[in-house]
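Asks: Following this message is one structure expressed as structure tokens.
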């Protein structure tokens, strides 16, 4: 636990437990929409995308010539959010949506929403992207009258919580 001069309280958490909390949230198939933010050339765009997850890897599909693809090509650093969870990560194209090389990923999308996913097969140039997390805000909650944010730093394999409205 540390407390700096600004009143910010930082408490270390177990990395694996906090990581598992994020995985459980991502693999909950009831909510398959997240907001994706991309940026390039001093322009930030956000839009809702349909996602599927395999552990911490988040997948979404889109038309290969969309604005999000252009921005990711220029700057692969993206952000995803849903509810209280925010994920920063690096995005990359996995391959065409309907090809043998992405069949396992497509199966994640079709597992519960087969017809919704397959409606895209007649559309040309659909691709699947993978986002690998670098940093995440896993939870926000009130504890003993203070609001805390739980964070995962994947680069340094550290988990911690910090109070929001510093004392």
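The values are calculated or read from the model by the stated rules, or taken from the named source; none is laboratory data. Quick caveat: nothing in here was measured; it's all calculated off a predicted structure. Glycine gets a Cβ as well: all are built from the backbone with ideal geometry, and neighbour counts include every protein chain shown.
Asks: Condition (residue is more than 30 Å from residue 13 (Cβ to Cβ), touching a strand residue (DSSP E or B) at 6+ places or on another chain (Cβ under 9 Å) and modelled with pLDDT of 90 or more) applied to the range 128-137: is it met by at least one residue?
Replies: Yes, the conditions are met somewhere in the range 128-137.
Asks: Among the numbered criteria (1) under 13 Å from the mean Cα position of the chain (by Cα); (2) modelled with pLDDT of 95 or more; (3) farther than 18 Å from residue 132 by Cβ, which one does residue 38 miss?
Replies: (3)
Asks: Turning to a different aspect of this structure: Scanning for something loosely packed, with under 14 Cβ neighbours inside 10 Å and within 15 Å of residue 57 (Cβ to Cβ), does the range 103-110 turn up at least one residue?
Replies: Within the range 103-110 (the criterion being loosely packed, with under 14 Cβ neighbours inside 10 Å and within 15 Å of residue 57 (Cβ to Cβ)), the answer is yes, since at least one residue qualifies.
Asks: Select from the range 27-52 the residues that are part of a strand (DSSP E or B) and surrounded by fewer than 19 Cβ atoms within 10 Å (Cβ to Cβ) and list them in ascending order.
Replies: Answer for the range 27-52, where residues must be part of a strand (DSSP E or B) and surrounded by fewer than 19 Cβ atoms within 10 Å (Cβ to Cβ): 33, 35, 37, 39, 40, 43, 44, 45, 46, 47, 48, 50.
Asks: While we're on this one: Please name all residue pairs, on different chains or six or more residues apart, with Cβ atoms under 6 Å, provided the first residue is in the range 1-25 and is under 29 Å from residue 53 (Cα atoms) and the second residue is exposed (fewer than 10 other Cβ atoms within 10 Å of the Cβ) and at pLDDT below 90.
Replies: 11/1
Asks: Any idea how many residues of the range 144-164 are within 19 Å of the chain's Cα centre (by Cα) and either modelled with pLDDT under 90 or loosely packed, with under 13 Cβ neighbours inside 10 Å (or both)?
Replies: 3
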